[in-house]
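Take a look at the structure below.
The values are calculated or read from the model by the stated rules, or taken from the named source; none is laboratory data. Source: prediction; values computed, not measured. Backbone-built Cβ (ideal geometry, glycine too); neighbour counts: all protein chains shown. In case anyone asks, the SASA skips ligands and DNA or RNA and just uses the protein heavy atoms, side chains included. Shrake-Rupley method; radii C 1.70, N 1.55, O 1.52, S 1.80 Å.
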Amino acid sequence: MIRNVAGSVLALAGATAAVWSPFRAWYDGRHGRDYAIDELFTGITDAKGELLGSMLAPFLFAALLTLVGVVLRSRLLVALAGLVVLGFTVLWMVRVGQAEGSLTIGGDGTGLGDGVANAFGGGILLLLGALVMSGRSRPPHHVDRPPRPTHPTLDGPPPDDTSTLEAPRAHPQAPAPYAATQTYDVPVRDPEQEQRQERGDPPPQR
């Protein structure tokens, strides 16, 4: 969180410096807003360009990228904004060097002005802001573990899991579900013996 705040402050400061730089002197007292953007590809002339068609245009685009990157906490967008600022500044220096023959730095307002320094500083601050920012936080990644086997496998018996529930034990005084089976001797009727008893005959000798 702190890194995102610090990176956002650096990025916004860099974007502000970049947007402000065309309103400062770039070379020999000529402001950056006086250089038409198409002159970077066709050659520098003395013609004065329009404000939205000058060096201000790419820097406004970089500032828009910075705002979106800060809101979305995107390091890529902020870094891209810094590259846009530095890229157009370097391209301008190449074109002016070709038109003037060489680039000079003078203390009396001639040569490179503070507008170029603001542009370079803004681009570097944007890159620093992208490096400081931590970006968007990602949710923790949970690894789905396979279920533990509950039956013997080829690798061996299942692990002993003491957390499984054991079957309830029967109470020692609980009655048996079925009573014990008892056998009884049932006498078998003998018709001959009954007839002998009716006649009063003695029982046969064995």
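Here are a few things to note about the model shown:
- Rounded, prolate or oblate (a/c below 1.5 giving rounded, otherwise prolate when a/b exceeds b/c) for the range 1-84 by Cα gyration tensor: prolate
- Built amide H within the under 5 Å cut-off of ALA25, gap 5+: ASP114, GLY115
- Evaluated with a Cβ-only charge set (Lys, Arg +1; Asp, Glu -1), the range 30-118 carries a dipole of roughly 460 debye about its Cα centre, given to the nearest 20.
- Remark on ALA36: its backbone amide H falls under 5 Å from those of GLY49, a criterion applied only to residues 5 or more positions apart or on other chains, H modelled at 1.01 Å from N.
- Subtracting the Cα-Cα distance of GLN98 and LEU80 from their residue separation scaled by 0.36 nm leaves 3.8 nm.
- With every protein chain in place, the range 1-128: carbon and sulfur % of accessible area (1.4 Å): 69
- Nitroxide proxy distance, nm - points 7 Å out along Cα→Cβ at PHE23 and LEU64: 2.0
- What separates the Cα centres of the range 31-74 and the range 5-28 is a distance of 12 Å.
- Two-decimal ratio, the range 62-101, of alpha-carbon radius of gyration to 2.2 N^0.38 Å: 1.52
- Environment charge of GLY129, counting only residues whose C-beta is closer than 14 Å and scoring Lys/Arg +1, Asp/Glu -1: +3
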